[in-house]
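I have placed the structure first, in the form of structure tokens, so that the comments after it can refer back to it.
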Amino acid sequence: MEEHGQAFLLQEGFFLLGTALVFVLLFRRLGLGATLGYLLAGAILGPYALGLIGDAQGKIDFAELGITLLLFIVGLELAPRRLWRMRSEIFGLGFLQVALCGLAISAIIYSFTPFTVQASLALGLPLGLSSTAQVLPMLQSAGRLNSPFGERAFAILLFQDLSIIPLITIIAAMNRNPNLPEGPPGWQLALLTVGAIVGLVAAGRFVIRPLFRLIGNLGEREMFVFAALFTVIASAALMQTLGLSTALGAFIAGVMLADSPYRHELEADVEPFRSLLLGLFFMAVGMMLDLSAIAERPLFVVSMALALIAAKAAIIFALGLAFKMKWRSALALGFLLSQGGEFGFVLFAQASEAMLIESQAASLFGAIVTLSMVATPFLMMATRRFREAPQGHAGEEREGPRADGASAIIVGYGRFGQTVAQILNAADIAVTLIDTDIQMIDVAQGFGAKVYFGDGRRLDLLRQAGCSDAQIIAFCIDGEQLDDAFLRAVQTAFPQAAIYARVYDRRSLLKIKDSPARFIVREVLGSAVTLSRAILDGLGLSVDDIDRAEGTYRKMDKERLSLQHEARDLRVAHDRIITEPLHLGRGREAPQGTE
């Protein structure tokens, strides 16, 4: 039995990963996005098509952890003060969207179907929510999550997550099932939510941050992954125990760590799990697509999905205009959030248990939600020329993707990196600083410098730190930590960025001389030359003679370095080492204090 179960798991894994790989690559190639590929792959594998994979509900319950990880990563991008700045969008725009869309769709269902008022509310209010799991990755891939447009979209999605609690309360209040145990009243859920949030904030400050500091001091790379996943799962488990939104708990945990030096390291550690689980989530949603329900009532499913998309797009477009968005951005926001969301499946199941709707209705409206999610990538492509301002339009500023990070990424904030960072800041160039020395990070924070913890030799962490948008990547790290292959990988990953590097000595320089770095400097060369010039000046040499001496040294050193590079041997070109005076001091005067 055990061997049979293992073989079955391997077989399922083969079909899931293989089909996802084919469809995601195909849909990426067609410019339709990964989400649609996952949905279609799941629909084909599911029980309503080929039937190669079973237990869709079990998989979706597990894969919802991907949404939790996604909200944690988004929380890491939003420092508390930035979240406070967005409060009017969250509680103003977000509240109006949930209320108006939910009530409007409930009215449509009540007007055009035989459902009662209670059933229409139980179906319509959940349909007012959008798909966080679909929208946020679309914003991230377009580079718009940190733009004003992305902030408004996220504000709505965050309030939708907060609204799960009152929606559960509303459905529970309309319960018709006498055998269903009554849950806690709404005011108690609200108090539990506030208490849980306060508890997570306190845990983040007094438990999680010291834990990451300890791990950083120990230098245990894999323990960061364990601690990151523990933080997410613990916060989600707390909220689930209280009957609250697990994604909200993970989001709060992320916000509490957004100002910490470990932000980029955490993003890099969690990102692979987030991507994998979100892919599984969308495949499970596709598997739950009841093709037989669509086949029985295709006109109803398609027309209701179109009505859902049209109603939400129109209302959100109007709200965007009311909140002083440009009409093109408001239109894009309406289309982006026009689909139904993953929480609809949860609320439909609860409404079915409360005997407000039949299970067939829950399955039918689940298909409507899935169909609306499938339509979103096509809708965004079809409306692109209406949503985007013409290039070079004189009267309208285009609101497109923008780099919200620093222009320069400095890896290493020791004595060398500190000088580079201060000079760049003095020239009004924003920098992001990365280092692995916890004690140095703490000291730098005491002087007002924000240094993030992380290994700058990891491409995934560099990507999280903003290297995709940066103009400069400067490696100011100690020792012989750089090599030609790594710098070539950095250049390939971030072709728009110029690479600058500091190396320890001549041997280190020869290791990366063929690399794509624009400029490489030896650690003590500049300071040694500066000291030498000061000595010659103190001896009374003229500026011309000092320049001549420095130029001679640099010429001989360059020739020696070139010969050593060709021979791949440090022992050659000894004749290029200056060991005797060259009698350049013609303008020399006796220094003071000597005869």
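Using heavy-atom solvent-accessible surface (probe 1.4 Å) with all chains present, what is the largest-first order of Thr492, Thr419?
Details: Thr492 110, Thr419 75 Å².
Highest to lowest solvent-accessible surface, that is Thr492, Thr419.
So if I take the centroid of the Cα atoms in segment 406-446 and the same for segment 259-282, what is the distance between those two points in Å?
25 Å
Subtracting the Cα-Cα distance from 0.36 nm times the residue separation, let me have the gained length for Arg507 to Asn179 in nm, one decimal.
Working: separation 328, 0.36 × 328 = 118.08 nm, distance 7.80 nm.
So the extension gain works out to 110.3 nm.
In percent, how large is the relative contact order of segment 13-129, given Cα pairs closer than 8 Å and 6 or more residues apart? Walk me through the intermediate numbers first.
Numbers: 77 pairs, mean separation 16.9, N = 117.
Relative contact order for segment 13-129 comes out at 14 percent.
Normalised by the residues of the chain, what does the relative contact order come to in percent, with Cα pairs under 8 Å and at least six apart?
After rounding, I find 15 percent.
Arg87 versus Leu103, label points 7 Å from Cα toward the beta carbon: distance in nm?
Here the answer is 2.5 nm between the modelled labels.
May I ask you to compute the full-extension gain from Ala382 to Val198, defined as 0.36 nm times their residue separation minus their alpha-carbon distance, rounded to one decimal in nm?
Working: separation 184, 0.36 × 184 = 66.24 nm, distance 4.43 nm.
Working it through step by step, the gained length comes to 61.8 nm.
Hey, how much of the P(r) for the chain falls beyond 36 Å, as a percent of Cα pairs? Mind dumping the intermediate values first?
On the way: 84158 of 176715 pairs.
Tail of the P(r) past 36 Å holds 48 percent of the pairs.
Output the relative contact order of segment 429-513, whole-number percent, from Cα pairs under 8 angstrom with separation of 6+ residues. Before the final figure, lay out each step's value.
Values: 93 pairs, mean separation 21.3, N = 85.
Across segment 429-513, relative contact order equals 25 percent.
What list of ³J(HN,Hα) values in whole Hz, one per residue of segment 94-109 in order, does the Karplus curve 6.51 cos²θ - 1.76 cosθ + 1.60 (θ = phi - 60°) give from phi, with Gly and Pro shown as x?
Values, residue by residue: x, 4, 4, 5, 4, 5, 5, 5, x, 5, 5, 5, 4, 5, 5, 4 Hz.
Against the longest alpha carbon principal axis of the chain, how many degrees, from 0 to 90 and to the nearest 10, is the axis of helix 186-203 turned?
20 degrees
Residues in segment 71-102, backbone N under 14 Å from the label point at Leu321 (7 Å along the Cα-to-beta-carbon vector): list them, ranges by number please.
In segment 71-102, the label zone of Leu321 (backbone N under 14 Å from the point 7 Å along Cα→Cβ) covers no residue.
Taking the Cα-to-Cβ direction at Ile535 and at Ala314 and moving 7 Å from each Cα, how far apart do the two end points lie in nm?
Reported label-point gap for Ile535 and Ala314 is 8.4 nm.
Residues with beta-carbon under 11 Å from that of Leu487, excluding Leu487: net charge, scoring Lys, Arg +1 and Asp, Glu -1? Numbers along the way, then the final one.
Numbers: positive: Arg457, Arg488, Lys511, Lys513, Arg518; negative: Asp483, Asp484, Asp514.
Residues close to Leu487 contribute a combined charge of +2.
Under a Cβ-only charge scheme (Lys and Arg +1, Asp and Glu -1), can you give me the dipole magnitude of the chain about the Cα centre, in debye to the nearest 20? Don't skip to the end; give the middle numbers.
Numbers: 50 positive and 55 negative charges, 273 e Å.
Here the size comes out at about 1320 debye.
Which three numbers, in whole Å and largest first, are the semi-axes of the equivalent ellipsoid of segment 42-167 derived from its Cα gyration tensor as √(5λ)?
Numbers: eigenvalues 155, 116, 29 Å².
Sorted largest first and rounded, they come to 28, 24, 12 Å.
In terms of the Cα gyration tensor, with a ≥ b ≥ c the square roots of its eigenvalues, is segment 444-569 rounded because a/c is under 1.5, prolate because a/b exceeds b/c, or oblate? Please list the in-between numbers first.
On the way: a/c = 2.67, a/b = 1.56, b/c = 1.71.
Because a/c hits 1.5 or more and a/b fails to exceed b/c, segment 444-569 counts as oblate.
By DSSP, what percent of the beta bridges with both residues in the chain are antiparallel, rounded to the nearest 5?
Values: 0 of 19 bridges.
The answer is about 0 percent antiparallel.
Quick check: the angle from helix 2-29's long axis to the longest principal axis of the chain, C-alpha only, nearest 10 degrees?
Taking Cα atoms only, the helix is inclined about 70 degrees.
Please give the length that would be gained between Thr241 and Gln140 if that part of the chain were fully extended, namely 0.36 nm times their separation in residues minus their C-alpha to C-alpha distance (nm, one decimal). Don't skip to the end; give the middle numbers.
Details: separation 101, 0.36 × 101 = 36.36 nm, distance 3.05 nm.
Between Thr241 and Gln140, full extension yields 33.3 nm more.
In the chain, carbon and sulfur make up what percent of the accessible area (probe 1.4 Å)?
Details: 17970 of 29220 Å².
Here carbon and sulfur together make up 62 percent of the probe-accessible area.
Can you work out the accessible area per residue across the chain, with the rest of the protein chains kept in place, probe 1.4 Å, in square angstrom?
Working: 29220 Å² over 595 residues.
Spelled out: the 1.4 Å probe surface of the chain, per residue, equals 49 Å².
List every residue whose amide H lies under 5 Å from the amide H of Val503, counting only residues 5 or more places away in sequence or on a different chain, with H placed 1.01 Å from N in the peptide plane.
Val521, Arg522, Glu523
Using θ = phi - 60° and the Karplus relation 6.51 cos²θ - 1.76 cosθ + 1.60, list the HN-Hα couplings for segment 363-380 in order, rounded to whole Hz, with x at every Gly or Pro.
Each residue's phi maps through the Karplus curve to give 5, 5, 6, x, 5, 5, 4, 4, 4, 5, 5, 5, 6, 4, x, 5, 5, 5 Hz.
At 7 Å along Cα-to-Cβ for each site, give me the label-to-label distance between Met223 and Leu25 in nm.
Going from the Met223 label point to the Leu25 one covers 4.0 nm.
List nothing, just return the count: lysine pairs in the chain, 8 or more apart or interchain, with Cα separation under 21 Å.
Lysine pairs meeting both conditions in the chain amount to 6.
Could you state the angle between the C-alpha long axis of helix 56-76 and the longest principal axis of the C-alpha atoms of the chain, as a value from 0 to 90 degrees rounded to the nearest 10?
Taking Cα atoms only, the helix is inclined about 40 degrees.
Between Phe486 and Leu10, what is the FRET efficiency for a Förster distance of 41 Å, r being their Cβ-Cβ separation, to the nearest 0.05? Write out the running numbers ahead of the final one.
Numbers: r = 35 Å, r/R0 = 0.87.
With a Förster radius of 41 Å, E is 0.70.
Using the Karplus equation 6.51 cos²θ - 1.76 cosθ + 1.60 (θ = phi - 60°), what ³J(HN,Hα) coupling, rounded to whole Hz, does each residue of segment 312-317 give in order, writing x for Gly and Pro?
Using θ = phi - 60°, the values come out as 5, 4, 5, 5, 5, 4 Hz.
The values are calculated or read from the model by the stated rules, or taken from the named source; none is laboratory data. Values in this document were obtained by computation on a predicted structure and should not be read as measured data. Reconstructed Cβ throughout: ideal geometry from the backbone, glycine too, with neighbour counts over all protein chains shown. Just so you know, the surface numbers come from the protein's heavy atoms only, side chains and all, with ligands and any DNA or RNA stripped out. Shrake-Rupley method; radii C 1.70, N 1.55, O 1.52, S 1.80 Å.
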